[in-house]
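Data block below; observations after.
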Amino acid sequence: VKQVLGRFFEDFAPGEAIRHATPRTVTEGDASLYTALYGSRFAVQSSDAFAKAIGYPRSPLDDLLVFHTVFGKTVPDISLNAVANLGYADGRFLKAVYPGGTLSAVSEVIGLKESSNRQTGVVTVRTTGFDGAGDDGSDLLPLGARPQARPRGRGSAGACAGPAEGGRARGSGRGLPADRGRRLRLTLAGSPHRWGDYAPGERIDHVDGMTVEEAEHQLATRLYQNTARVHFDGHAAAGSRFGRRLIYGGHVISLARALSFNGLANAFHVAAINAGRHVAPLFAGDTVYAWSEIWTGRSCRGGRMSERCDAARRGEKPAVRRLSGTGTGDGYNPAVILDLDYWALIPR
Amino acid sequence: VKQVLGRFFEDFAPGEAIRHATPRTVTEGDASLYTALYGSRFAVQSSDAFAKAIGYPRSPLDDLLVFHTVFGKTVPDISLNAVANLGYADGRFLKAVYPGGTLSAVSEVIGLKESSNRQTGVVTVRTTGFDGAGDDGSDLLPLGARPQARPRGRGSAGACAGPAEGGRARGSGRGLPADRGRRLRLTLAGSPHRWGDYAPGERIDHVDGMTVEEAEHQLATRLYQNTARVHFDGHAAAGSRFGRRLIYGGHVISLARALSFNGLANAFHVAAINAGRHVAPLFAGDTVYAWSEIWTGRSCRGGRMSERCDAARRGEKPAVRRLSGTGTGDGYNPAVILDLDYWALIPR
Amino acid sequence: VKQVLGRFFEDFAPGEAIRHATPRTVTEGDASLYTALYGSRFAVQSSDAFAKAIGYPRSPLDDLLVFHTVFGKTVPDISLNAVANLGYADGRFLKAVYPGGTLSAVSEVIGLKESSNRQTGVVTVRTTGFDGAGDDGSDLLPLGARPQARPRGRGSAGACAGPAEGGRARGSGRGLPADRGRRLRLTLAGSPHRWGDYAPGERIDHVDGMTVEEAEHQLATRLYQNTARVHFDGHAAAGSRFGRRLIYGGHVISLARALSFNGLANAFHVAAINAGRHVAPLFAGDTVYAWSEIWTGRSCRGGRMSERCDAARRGEKPAVRRLSGTGTGDGYNPAVILDLDYWALIPR
């Protein structure tokens, strides 16, 4: 058989490492499409000049574009026959990726649990994305292991840094007094609110809504080279449980993240996806709204952002509610489709 | 409140200058998406080689892509709660923008007029787009104020120049006799018609029609980071006056400009939007057609194209008629959706 | 008349050469859109690192993106008034094209045959696409005639090369033993199957299906600057024979090629379109499936890939069946929409 037909539960072995196909060079073209698909407005990812002013070599790619590209590679080997993608845990974004980087992925099978009905089983994998060629194995370093840390040029004793305080910008701001440069950057980033302005328990409704079209989620999911047929084959979907194409769960995460700009404009980088669950499916024609709840606040002193426990982070818990369609999540409001616990970097 | 909820009439002060958020680096990826969204075929914006042959360093971005990107930045500060975008006046395109440029925008409130019913008011703003970093204020020069003028390498005493006559190309054409080079360029541009071939009062039906899909205008409007909710939130729109999502007016301008290629293929640059009015809304499923009327013809001698009153221009007045839906414009044919008075550069 | 209204049968002269308008610089942005439109996963076109490892300077653009761009240029001069695009014959891909290249096209009228009913006629043209500026005629070389051949760095006596065996990679693989480098590349390409694993007569069902949306084929066809109105004008189409917009035939070819990855992952380059026929039209909402039949197998020894008869090729005959809509092809299963005989390069 020359086709990839996907694995079933019994085809996975504990500890097995799977090298996924199709290394992918990500470019400015992918960044433009990502903007067109979600309307994301975070200044660091939108402007080379802004990114440089706070110590990046140029605008990094959106963290979730990197996530989806890496995730997409795992589909033929891991989830082609999956009944559902149950969730995410302990995801870390270790390194900024720039246009021109080539992403590849390896997964390790870390858990196999048969269901009580013996009809299905749960496979747990740890996937590592690499910013490296992957063509000969020699330069496959995990994202984050590269010597140049994300935002560069930061003193080891300095406070944690965000767009308003980092690197070259601090104290100089290209010849501007530090305060003026800082205020200006907050203006350009779209919000005066910083780390200290958010309190645990605070809830932010992100106001705006986005209706999703079939063409949009198909373009996005193909961009990530995720070709799971449930997202594309309307003919087969007509006879399925839902009667129509399912939207890739990552599309929902990106929509929620883009919507969260309105209230969290300075949360400029996703540092971790601690836990995530697709509570109910999203279908074309549905409108997505998002809100966030500040979950925990962790500060830091010293160190570089690439060492994750040292960065100034805000835990956030944006959930997404769907206003059309029927929710199926147990214990959730029936309109909720996504429950995501993530860390974002926000300037102090 | 951490969300941007938009201003109302009483929140604007005369003379107030508003610096808009999210500087945006525009790239080749944006140019490709612009082509995919409208099918524009102007040779200068399509081919680096063609652009170089007439004196540009490379293909500039479509003028309207620059316009939409700048306009999009103003939305959160200016028009989020606007009942309607009434129109445009005295817009000038002062400088070509190339991939890699970073656009930012500042608006000044230049008019505030309360309506007689005291329920609404008209706010007039002058928006300036900049091709500069905008991160510290030091290199914010208006588009056009840069020392390097649009098409370079043109003698100060030369006639006004278009794609067939400008710069290095004139008299040399890479070793070709001037006439042959000129004819060849007109062939490659798609039309033999030049400045002298168009007469005031002439009317051109641009023949082709383009049906618009929800996914298309949403992709476009998000690409411009214009997140006005009327364009995206189908759930909220269902309960609105129109019962559905409104298409961003700039999408109509770009459709009309792309359709105008068939009859105005050599009108290679938009130099000014003198006046514009969105006469009626456009909705997904509608088909857009365009025609142009030659309004005035202005010639010129000497000078550079970046000094706007010196360039060879054709005034044009393309209106756009919509063949489905119901028009609401007073005094217009009910199918008309856009009335735009603009100047385009065309070779003599 | 300033508009291009298209030619009719009697407007073509035998032997006439037509230089088509709008040279087009193809970029990374176009490559990203191509991926988003079809979900193609071939490693050579996806990863600069992978492409370099087998001797390319970087990832080439997808062969069919080049084909569609060249084809699109011919539409205003050749097929604007065509009743149907009957088919293709003897197409050759002579040269890899990279981002930054500028494509232009020339067609020669090589056949004119009036139909017996004297209402229509068949025009046969030979179109040549060029990777050259086209602005002065001096550097218009046919794709393939450039001195640098596709995959570089190959010894003249070597075997024909594919991704696992070519150029620098052979025998070295960046310091890896040849066998390990070869195995690794097959893993990254997504399939262990090579030239010797396919036998004439073998039939491969490519499993996956793709439902097409109006927005998708319109974005694609505009990206190729193919503005034939049958693809875009829903208002006019409502009164036509089919009652709706027709999807550009090339969109079907690209869908079939992308679907063929599942079973032909190592068929990394299209070398020729020997013959092709659009048996029936495709409409939005239809779902496309593909299968391939191995037609002939040709091996080779020595020479460069740019000399077409020397390359290791597999003839393939993927047909595409449509599961909704009504087929009209005589002699074909009514669901068949495309019958394409092409050569793809596959490593030995």
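In the stretch A:14-51, the residue that is surrounded by the fewest Cβ atoms within 10 Å (Cβ to Cβ) out of those that are more than 7 Å from every other protein chain (Cβ to nearest Cβ) and either touching a Phe, Trp or Tyr at 6+ places or on another chain (Cβ under 7 Å) or part of a loop (DSSP other than H, G, I, E, B) (or both) is A:GLY15. Total residues in the stretch C:196-209 satisfying the condition of being touching a Pro at 6+ places or on another chain (Cβ under 8 Å) and open to solvent by 50 Å² or more (accessible area, probe 1.4 Å): the figure is 0. A:ASN226 satisfies every condition listed in (1) touching a residue at least 40 places away in the same chain (Cβ under 8 Å); (2) surrounded by fewer than 24 Cβ atoms within 10 Å (Cβ to Cβ); (3) not hydrophobic (A, V, I, L, M, F, W, C); (4) not in a strand (DSSP E or B) except (2). The number of residues in the stretch C:58-77 being open to solvent by 30 Å² or more (accessible area, probe 1.4 Å) and in contact with a strand residue (DSSP E or B) (Cβ under 8 Å, 6 or more places away or on another chain) comes to 3. Mind counting the residues in the stretch C:241-272 that are farther than 20 Å from C:ARG41 by Cα and either within 14 Å of chain A (Cβ to nearest Cβ) or touching a helix residue (DSSP H, G or I) at 6+ places or on another chain (Cβ under 8 Å) (or both)? Final tally of qualifying residues: 6. So is C:VAL26 over 23 Å from the mean Cα position of the chain (by Cα) and among the aliphatic types (A, V, I, L, M) or not? So C:VAL26 fails the test.
The condition of being assigned to a loop (DSSP other than H, G, I, E, B) and closer than 30 Å to A:ASP48 by Cα holds for only one of A:LEU86, A:LEU80, A:LEU94, A:LEU103, that being A:LEU94.
If only residues of the stretch A:98-133 that are within 14 Å of another protein chain (Cβ to nearest Cβ) and β-branched (Val, Ile, Thr) are counted, the one that is least open to solvent (accessible area, probe 1.4 Å) is A:THR102. Taken over the stretch B:240-260, the residue count meeting the criterion of being open to solvent by less than 20 Å² (accessible area, probe 1.4 Å) and either part of a loop (DSSP other than H, G, I, E, B) or in contact with a Cys (Cβ under 8 Å, 6 or more places away or on another chain) (or both) is 3. When residues in the stretch C:4-13 are screened for being more than 14 Å from chain B (Cβ to nearest Cβ) and among the aliphatic types (A, V, I, L, M), 1 of them pass. Could you say which residue among A:VAL66, A:VAL70, A:VAL97 is modelled with pLDDT of 95 or more and farther than 30 Å from A:LEU184 by Cα? Every option except A:VAL70 fails the conditions.
If you go through the stretch B:229-239 and pick out every residue that is within 7 Å of another protein chain (Cβ to nearest Cβ) and either touching a Phe, Trp or Tyr at 6+ places or on another chain (Cβ under 9 Å) or open to solvent by less than 10 Å² (accessible area, probe 1.4 Å) (or both), you end up with 3. In the stretch B:30-42, the residues that are without any contact (Cβ under 8 Å) to a residue 24 or more places away in the chain reach residues that are part of a helix (DSSP H, G or I) with C-beta atoms within less than 6 angstrom, at least six apart or across chains, in these pairs: B:SER32/C:GLY29; B:SER32/C:ASP30; B:SER32/C:LEU33; B:THR35/C:LEU223; B:ALA36/C:LEU33; B:ALA36/C:LEU219; B:ALA36/C:ARG222; B:ALA36/C:LEU223.
Within the stretch B:52-77, the set of residues being aliphatic (A, V, I, L, M) and within 14 Å of another protein chain (Cβ to nearest Cβ) comprises B:ALA53, B:ILE54, B:LEU61, B:LEU65, B:VAL70, B:VAL75. In the stretch B:182-190, is there at least one residue being modelled with pLDDT of 90 or more, of a type outside the set (Phe, Trp, Tyr) and open to solvent by less than 10 Å² (accessible area, probe 1.4 Å)? Within the stretch B:182-190 (the criterion being modelled with pLDDT of 90 or more, of a type outside the set (Phe, Trp, Tyr) and open to solvent by less than 10 Å² (accessible area, probe 1.4 Å)), the answer is yes, since at least one residue qualifies. Scanning the stretch A:187-217 for residues that are facing chain C (nearest Cβ under 9 Å) and touching a residue at least 24 places away in the same chain (Cβ under 8 Å) yields A:GLU213, A:GLU214, A:GLU216.
The values are calculated or read from the model by the stated rules, or taken from the named source; none is laboratory data. Because the structure is predicted, anything quoted here is derived from the model rather than measured. Here the Cβ is made from the backbone with ideal geometry for all residues, glycine too, and neighbour counts use every protein chain on show. Heads up: the accessible areas ignore ligands, DNA and RNA and are worked out on the full protein's heavy atoms, side chains in. Shrake-Rupley method; radii C 1.70, N 1.55, O 1.52, S 1.80 Å.
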